[in-house]
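Below: the structure, in structure tokens.
The values are calculated or read from the model by the stated rules, or taken from the named source; none is laboratory data. Since the structure is predicted, the reported quantities are computational estimates derived from the model, not experimental observations. Heads up, the Cβs are rebuilt from the backbone with ideal geometry, glycines too, and the neighbour counts pull from every protein chain shown. With ligands, DNA and RNA removed, areas are computed over all heavy atoms of the protein, side chains included. Shrake-Rupley method; radii C 1.70, N 1.55, O 1.52, S 1.80 Å.
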Amino acid sequence: MVSMRKNTVVILAVGSSVLALSTLRAQDAKAAADSSQHKRSFTEALAEAKRLGETEEGKAYDQEFAKVAASRLSDAVSECTKNLGPRVNFEVVFVFAADGHAEQVLTPSDKPAAKCVGDKLHDLHLPAPPRPSWPVQLSIHLSPDKASAVLGSTLKLMETGTWEVDATISRAFKFRVHGLLSGEDFDLTVEPADRNAIRQIAIKDKLWASFDGGKTWKLESGGEQSTFRRIYGFVHNPLRTDAALPALQVVKQETHDGDTWMQLRPKTSNKKKAEPQQTEYWIAISQDSKRNGVRRYEGPVTEPGHENEPLHCVATYQSANNKTIKPPAGATALSEEESEPSATDSSSNRGIANGEATGTTVSLLDGKLKLDIPSDFSREANDPKNPKTLAKFSGPEGAWGEVLRGTHGLTPNKLEGYLKMRVAEYSKGFNWLPKDSHLQWLKKDIVTIDGRKWADWRYVPTLQGTKDYSHSPVYSRFLTTSYKGQLLEITFTSNLNTNPELKKEIDHIMDSVHLEE
């Protein structure tokens, strides 16, 4: 537990842990049978309490003391030390009678603050101690610079065990990530706002992905894993112990379900304007050390090579040591070849391999519509709830695409009006775009492909004053036409980052589109 006094943190620890409620120590049953009337000196009582604390009985009674004292200790310490300097250290020894009441409260004669705390807590009543006249030591250590150390110790504890995470990550787009973390292993589900969820399980060097809710799985090769491991990085980065932690201060302390939560925030000068994305941690300190850990993080997350392009993350973490990360059912029988989606199918809505290493030619509408899909894009399972979607695809760095059919009637002579309507609609902007950005139209024309008219419209969101859009959050390209009196629309978007190579791949896909009557 940690208590605030101005910018001062009270570090209270059980045993060697910096994250427990107090330095509550007791030891050695040797002199505990002394008469309850025996008035021992503070020094003798303190030595006895330290000896008793290493026994199993002493450790268990420490926990009882912490449970009872937790709700009052912070206020007592803050009140008794408010006129002292930034660093305070003292001990108080409570001696408990056979019925659990404090029969003595002993303090150093030269520490008025210790006597003040003892007086405020003298009416504590605990369960019966292991023996009458049982001493417990309470140590108070106040320091203005301990918050970062507390967080570092908390993160160290979280390196082991399994943790359940639920996060929302956003920049120009938003998606939810939830599931389990255990070291470098993970079982995470990604739910983008505009397409189907993707579940991914990684155990050591193996990674499986499912695009249909866990019905089928694909074992990803080493080169294909980077996209999925990026998602793990977003929710694991706030827990990294090798990252440089900023100088933190405790800004609030609350009680949740019997645990103490501390809110930590970087120290800033009152004259300095706060950062656009404020980093904040909420850590829990519990009597059960397995429950100690970061419970909430809010702030930026970045990835190597994109340190100047942070995403905003709001994540909660819970201990989940009763859960384990397991391979998908039947994963031991999967090989990369077996887990690849079938390249050939009798259905008109399945792809057929072109035999080239560069990718796959997907054939739709009974072979009338064809488009080339690069090897780093994959076909997703069709969603029976959305029959208007002929095909969906996922690519690197969150890129995706889809082919829609028949959302409403559209004749060739109405294609130009449809394009103007959509351009006007999109030009109004989106609530997910940064406030200082706008859509830059790269193209919005009626073009002719193989004798058929198509609306070719493309955009990127760019920040005001930015000329280079090569790393804008999204590059989206649409091809829209009339097929048998109904709308047919093909969409591909980079979704996360418009790097030049990914944009080139999307343009290749769209330039390969071929439609016959």
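Sorting the segments 154-164, 228-238, 213-223 by their residues' average number of neighbouring beta-carbon atoms within 10 angstrom, most packed first, yields 228-238, 154-164, 213-223. Using heavy atoms of the protein chains and a probe of 1.4 Å, the accessible area assigned to Cys116 is about 40 Å².
Placing +1 on the Cβ of every Lys and Arg and -1 on the Cβ of every Asp and Glu, with no other charges, gives the stretch 82-216 a dipole of roughly 360 debye about its Cα centre. Each peptide among 197-204, 397-404 gets the average number of other Cβ atoms lying within 10 Å of its residues, and from highest to lowest they stand as 397-404, 197-204.
If Lys370, Lys503 are ordered by their accessible area, calculated over protein heavy atoms with a 1.4 Å probe, which sequence runs from highest to lowest? Don't jump to the answer; show the numbers that get you there.
On the way: Lys370 80, Lys503 45 Å².
Solvent-accessible surface, decreasing: Lys370, Lys503.
With the simple spin-label model, which puts each label point 7 Å out from Cα in the Cβ direction, the Glu164 to Arg176 separation comes to 1.4 nm.
A cut-off under 10 angstrom between Cβ atoms defines the neighbours of Arg458, and their net charge, with Lys, Arg +1 and Asp, Glu -1, is +1.
For an R0 of 41 angstrom, estimate the FRET efficiency from the Cβ-Cβ distance between Met421 and Ala329 and round to the nearest 0.05.
The pair Met421/Ala329 has a calculated efficiency of 0.30.
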